[in-house]
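The values are calculated or read from the model by the stated rules, or taken from the named source; none is laboratory data. Since the model is a prediction, treat every value here as computed from it, not as a measurement. Cβ placement follows ideal geometry from the backbone for every residue including glycine, while neighbour counts extend to all protein chains displayed. Ligands, DNA and RNA are stripped out before the accessible areas are found, and what is left, the full protein with its side chains, is counted by its heavy atoms. Shrake-Rupley method; radii C 1.70, N 1.55, O 1.52, S 1.80 Å.
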Amino acid sequence: QSVLTQPPSASGTPGQRVTISCSGSSSYSRSDYVYWYQQLPGTAPKLLIYRNNQRPSGVPDRFSGSKSGTSASLAISGLRSEDEADYYCAAWDDSLSGAWVFGGGTKLTVL
Amino acid sequence: QVQLQQSGPGLVKPSQTLSLTCAISGDSVSSNSAAWHWIRQSPSRGLEWLGRTYYRSKWYNDYAVSMKSRITINPDTSKNQFSLQLNSVTPEDTAVYFCARDLTGGYLFDYWGQGTLVTVSS
(Lines give C-alpha, C1' and ligand atoms only; values in the text may rest on other atoms or scores of the structure.)
Protein backbone atom coordinates (compact mmCIF):
# COMPACT_ATOMS: atom_id res chain seq x y z
CA GLN A 1 0.00 0.00 0.00
CA SER A 2 1.49 3.29 -1.14
CA VAL A 3 2.18 6.00 1.41
CA LEU A 4 1.10 8.45 -1.29
CA THR A 5 -2.57 8.31 -2.29
CA GLN A 6 -3.85 9.60 -5.61
CA PRO A 7 -7.32 9.40 -7.15
CA PRO A 8 -7.32 6.64 -9.79
CA SER A 9 -8.90 8.85 -12.42
CA ALA A 10 -9.56 12.44 -13.40
CA SER A 11 -11.08 14.06 -16.45
CA GLY A 12 -11.69 17.38 -18.11
CA THR A 13 -12.58 19.00 -21.39
CA PRO A 14 -10.14 20.91 -23.59
CA GLY A 15 -9.31 24.31 -22.12
CA GLN A 16 -10.39 23.36 -18.60
CA ARG A 17 -8.25 23.37 -15.49
CA VAL A 18 -7.88 20.07 -13.64
CA THR A 19 -6.10 19.22 -10.43
CA ILE A 20 -4.72 15.91 -9.22
CA SER A 21 -4.11 15.37 -5.53
CA CYS A 22 -1.42 13.38 -3.74
CA SER A 23 -2.01 12.74 -0.07
CA GLY A 24 0.79 11.50 2.18
CA SER A 25 0.57 9.09 5.14
CA SER A 26 2.31 9.60 8.47
CA SER A 27 5.55 7.98 7.31
CA TYR A 28 5.96 10.56 4.59
CA SER A 29 7.91 13.52 5.87
CA ARG A 30 5.94 16.72 5.61
CA SER A 31 9.18 18.58 5.13
CA ASP A 32 10.16 16.61 2.06
CA TYR A 33 9.61 17.56 -1.51
CA VAL A 34 7.04 16.12 -3.91
CA TYR A 35 7.73 15.36 -7.55
CA TRP A 36 5.31 14.81 -10.41
CA TYR A 37 5.66 12.65 -13.51
CA GLN A 38 3.66 12.24 -16.70
CA GLN A 39 3.62 8.87 -18.41
CA LEU A 40 2.27 8.41 -21.91
CA PRO A 41 1.34 4.87 -22.98
CA GLY A 42 4.34 2.67 -23.69
CA THR A 43 6.89 5.26 -22.58
CA ALA A 44 8.97 6.03 -19.51
CA PRO A 45 7.70 8.61 -17.04
CA LYS A 46 8.73 12.21 -17.66
CA LEU A 47 9.62 14.66 -14.88
CA LEU A 48 7.00 17.42 -14.82
CA ILE A 49 7.45 19.12 -11.46
CA TYR A 50 10.35 18.91 -9.00
CA ARG A 51 10.64 20.19 -5.45
CA ASN A 52 6.88 20.77 -5.13
CA ASN A 53 6.49 23.56 -7.67
CA GLN A 54 9.51 23.83 -9.96
CA ARG A 55 9.26 23.09 -13.67
CA PRO A 56 12.21 21.62 -15.59
CA SER A 57 13.18 23.38 -18.74
CA GLY A 58 10.77 22.54 -21.54
CA VAL A 59 7.73 21.81 -19.39
CA PRO A 60 4.91 24.21 -20.28
CA ASP A 61 3.76 26.65 -17.62
CA ARG A 62 0.28 25.11 -17.95
CA PHE A 63 1.60 22.60 -15.43
CA SER A 64 2.02 23.74 -11.84
CA GLY A 65 2.54 22.09 -8.48
CA SER A 66 1.82 22.98 -4.89
CA LYS A 67 2.20 21.41 -1.47
CA SER A 68 0.71 22.02 1.93
CA GLY A 69 1.60 19.81 4.87
CA THR A 70 1.49 16.21 3.69
CA SER A 71 -0.72 16.93 0.66
CA ALA A 72 0.35 18.04 -2.78
CA SER A 73 -1.45 18.91 -5.99
CA LEU A 74 -0.68 19.03 -9.67
CA ALA A 75 -2.71 21.52 -11.69
CA ILE A 76 -3.03 21.50 -15.45
CA SER A 77 -4.60 24.56 -17.01
CA GLY A 78 -5.72 24.99 -20.60
CA LEU A 79 -6.18 21.24 -20.90
CA ARG A 80 -5.14 19.73 -24.23
CA SER A 81 -5.76 16.33 -25.77
CA GLU A 82 -2.07 15.49 -25.53
CA ASP A 83 -2.26 15.82 -21.74
CA GLU A 84 -4.17 12.54 -21.63
CA ALA A 85 -1.76 10.34 -19.70
CA ASP A 86 -1.03 8.78 -16.32
CA TYR A 87 0.31 11.11 -13.65
CA TYR A 88 2.34 10.03 -10.64
CA CYS A 89 3.58 11.81 -7.55
CA ALA A 90 6.74 10.74 -5.75
CA ALA A 91 8.43 11.58 -2.47
CA TRP A 92 10.96 10.27 0.01
CA ASP A 93 9.52 7.94 2.66
CA ASP A 94 11.27 8.09 6.02
CA SER A 95 10.05 4.69 7.20
CA LEU A 96 11.84 1.35 6.64
CA SER A 97 15.30 2.91 6.28
CA GLY A 98 14.04 5.29 3.65
CA ALA A 99 13.00 4.85 0.05
CA TRP A 100 11.61 6.78 -2.86
CA VAL A 101 7.91 6.01 -3.15
CA PHE A 102 5.33 6.72 -5.82
CA GLY A 103 1.63 7.31 -5.68
CA GLY A 104 -0.63 4.79 -7.38
CA GLY A 105 -1.13 7.07 -10.36
CA THR A 106 -4.02 9.05 -11.81
CA LYS A 107 -5.32 8.36 -15.29
CA LEU A 108 -6.28 11.69 -16.86
CA THR A 109 -8.85 11.56 -19.63
CA VAL A 110 -9.46 14.53 -21.89
CA LEU A 111 -13.09 14.31 -22.92
CA GLN B 1 21.93 15.40 -23.79
CA VAL B 2 21.84 12.49 -21.36
CA GLN B 3 20.76 9.12 -22.70
CA LEU B 4 20.26 5.89 -20.81
CA GLN B 5 20.22 2.71 -22.89
CA GLN B 6 19.05 -0.47 -21.22
CA SER B 7 19.94 -4.00 -22.22
CA GLY B 8 19.27 -7.46 -20.90
CA PRO B 9 17.06 -10.52 -21.35
CA GLY B 10 13.29 -10.23 -21.41
CA LEU B 11 12.66 -13.70 -20.04
CA VAL B 12 14.04 -15.17 -16.84
CA LYS B 13 13.19 -18.53 -15.26
CA PRO B 14 11.90 -18.69 -11.68
CA SER B 15 14.65 -18.94 -9.02
CA GLN B 16 17.25 -17.57 -11.45
CA THR B 17 18.92 -14.15 -11.52
CA LEU B 18 17.57 -11.15 -13.41
CA SER B 19 20.39 -9.05 -14.87
CA LEU B 20 20.02 -5.69 -16.63
CA THR B 21 22.50 -3.04 -17.69
CA CYS B 22 22.03 0.70 -18.19
CA ALA B 23 24.61 2.39 -20.42
CA ILE B 24 25.05 6.13 -19.85
CA SER B 25 25.91 8.74 -22.45
CA GLY B 26 26.13 12.46 -21.82
CA ASP B 27 27.03 12.00 -18.14
CA SER B 28 29.30 9.86 -15.97
CA VAL B 29 28.38 7.06 -13.60
CA SER B 30 31.14 8.49 -11.37
CA SER B 31 29.63 11.97 -11.31
CA ASN B 32 29.66 13.59 -7.86
CA SER B 33 26.32 15.22 -8.55
CA ALA B 34 24.26 12.32 -9.88
CA ALA B 35 22.77 9.09 -8.58
CA TRP B 36 21.71 6.13 -10.70
CA HIS B 37 18.54 4.26 -9.94
CA TRP B 38 16.53 1.21 -10.88
CA ILE B 39 12.75 1.41 -10.80
CA ARG B 40 10.18 -1.13 -11.92
CA GLN B 41 6.53 -0.94 -12.89
CA SER B 42 3.85 -3.59 -12.87
CA PRO B 43 0.04 -3.46 -12.91
CA SER B 44 -0.14 -4.98 -9.43
CA ARG B 45 2.59 -2.94 -7.71
CA GLY B 46 2.67 0.27 -9.73
CA LEU B 47 5.95 2.17 -9.81
CA GLU B 48 8.42 0.71 -7.31
CA TRP B 49 11.84 2.11 -6.51
CA LEU B 50 14.43 -0.66 -6.21
CA GLY B 51 17.67 1.07 -5.35
CA ARG B 52 20.51 3.36 -6.40
CA THR B 53 24.25 3.69 -6.68
CA TYR B 54 26.21 6.92 -6.49
CA TYR B 55 29.72 8.25 -6.04
CA ARG B 56 30.67 10.85 -3.45
CA SER B 57 34.41 10.32 -3.03
CA LYS B 58 33.49 6.65 -2.60
CA TRP B 59 30.69 4.43 -3.84
CA TYR B 60 27.39 4.14 -2.02
CA ASN B 61 24.38 1.91 -2.56
CA ASP B 62 20.88 2.16 -1.14
CA TYR B 63 18.25 -0.50 -1.63
CA ALA B 64 14.54 -0.78 -0.96
CA VAL B 65 14.06 -2.82 2.21
CA SER B 66 11.77 -5.22 0.35
CA MET B 67 14.61 -5.99 -2.08
CA LYS B 68 17.63 -5.84 0.22
CA SER B 69 18.30 -9.57 0.45
CA ARG B 70 18.11 -10.15 -3.30
CA ILE B 71 19.37 -7.03 -5.08
CA THR B 72 22.75 -5.73 -6.18
CA ILE B 73 23.37 -2.53 -8.13
CA ASN B 74 26.91 -2.12 -9.41
CA PRO B 75 28.63 0.69 -11.28
CA ASP B 76 31.03 -0.11 -14.11
CA THR B 77 33.28 2.89 -14.62
CA SER B 78 35.20 1.32 -17.51
CA LYS B 79 32.02 1.15 -19.59
CA ASN B 80 30.19 4.10 -17.99
CA GLN B 81 27.20 1.99 -17.04
CA PHE B 82 25.52 0.41 -14.07
CA SER B 83 23.75 -2.85 -13.59
CA LEU B 84 20.93 -4.49 -11.68
CA GLN B 85 21.00 -8.05 -10.41
CA LEU B 86 17.94 -9.49 -8.71
CA ASN B 87 18.33 -13.01 -7.36
CA SER B 88 15.81 -15.79 -6.80
CA VAL B 89 13.14 -14.23 -8.98
CA THR B 90 9.51 -15.31 -8.91
CA PRO B 91 6.63 -14.47 -11.24
CA GLU B 92 5.91 -11.50 -8.92
CA ASP B 93 9.10 -9.91 -10.26
CA THR B 94 7.58 -9.68 -13.73
CA ALA B 95 7.58 -5.98 -14.57
CA VAL B 96 8.94 -3.27 -16.82
CA TYR B 97 12.31 -2.27 -15.39
CA PHE B 98 13.65 1.28 -15.83
CA CYS B 99 16.96 2.88 -15.05
CA ALA B 100 16.92 6.59 -14.19
CA ARG B 101 19.15 9.46 -13.14
CA ASP B 102 18.80 11.74 -10.14
CA LEU B 103 20.77 15.02 -10.30
CA THR B 104 21.73 17.17 -7.33
CA GLY B 105 19.50 20.22 -7.18
CA GLY B 106 16.25 18.34 -7.02
CA TYR B 107 16.10 16.85 -10.50
CA LEU B 108 14.78 13.51 -9.32
CA PHE B 109 14.55 10.93 -12.14
CA ASP B 110 15.07 13.54 -14.83
CA TYR B 111 16.27 11.02 -17.40
CA TRP B 112 15.00 7.48 -17.85
CA GLY B 113 15.96 4.44 -19.86
CA GLN B 114 13.54 3.09 -22.41
CA GLY B 115 12.30 0.33 -20.12
CA THR B 116 12.73 -3.44 -20.37
CA LEU B 117 9.84 -5.84 -19.93
CA VAL B 118 11.15 -8.78 -17.91
CA THR B 119 8.90 -11.78 -17.64
CA VAL B 120 9.60 -14.45 -15.04
CA SER B 121 8.31 -17.73 -16.37
CA SER B 122 9.46 -21.28 -16.93
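Of A:59, A:101, all but one fail to be of a type in the set (Val, Ile, Thr), open to solvent by 20 Å² or more (accessible area, probe 1.4 Å), within 28 Å of residue B:105 (Cβ to Cβ) and out of contact with any Lys or Arg (no Cβ under 6 Å at 6 or more places or on another chain); the exception is A:101.
Step by step: first the residues of the stretch A:70-111, then only those that are of a type in the set (Asp, Glu) and farther than 15 Å from residue A:35 by Cβ, then the one that is modelled with the lowest pLDDT. Which residue is that? Please lay out each step first, then the result.
Within the stretch A:70-111, the subset of a type in the set (Asp, Glu) is A:82-84, A:86, A:93-94.
Still in the running and farther than 15 Å from residue A:35 by Cβ: A:82-84, A:94.
On the way: A:82: 96, A:83: 97, A:84: 97, A:94: 79.
For the stretch A:70-111, the residue satisfying everything is A:94.
Applying the set (1) closer than 17 Å to residue A:3 by Cβ; (2) within 12 Å of chain B (Cβ to nearest Cβ); (3) open to solvent by 10 Å² or more (accessible area, probe 1.4 Å) to residue A:43 leaves exactly one unmet item: (1).
Residues in the stretch B:70-111 that are away from chain A (no Cβ under 14 Å) and over 26 Å from residue B:15 (Cα atoms) were compared, and the one that is most open to solvent (accessible area, probe 1.4 Å) is B:79. Scan the stretch A:60-111 for residues that are more than 11 Å from chain B (Cβ to nearest Cβ), in contact (Cβ under 8 Å) with a residue 60 or more places away in the chain, in contact with a strand residue (DSSP E or B) (Cβ under 6 Å, 6 or more places away or on another chain) and part of a loop (DSSP other than H, G, I, E, B) and the total you get is 2.
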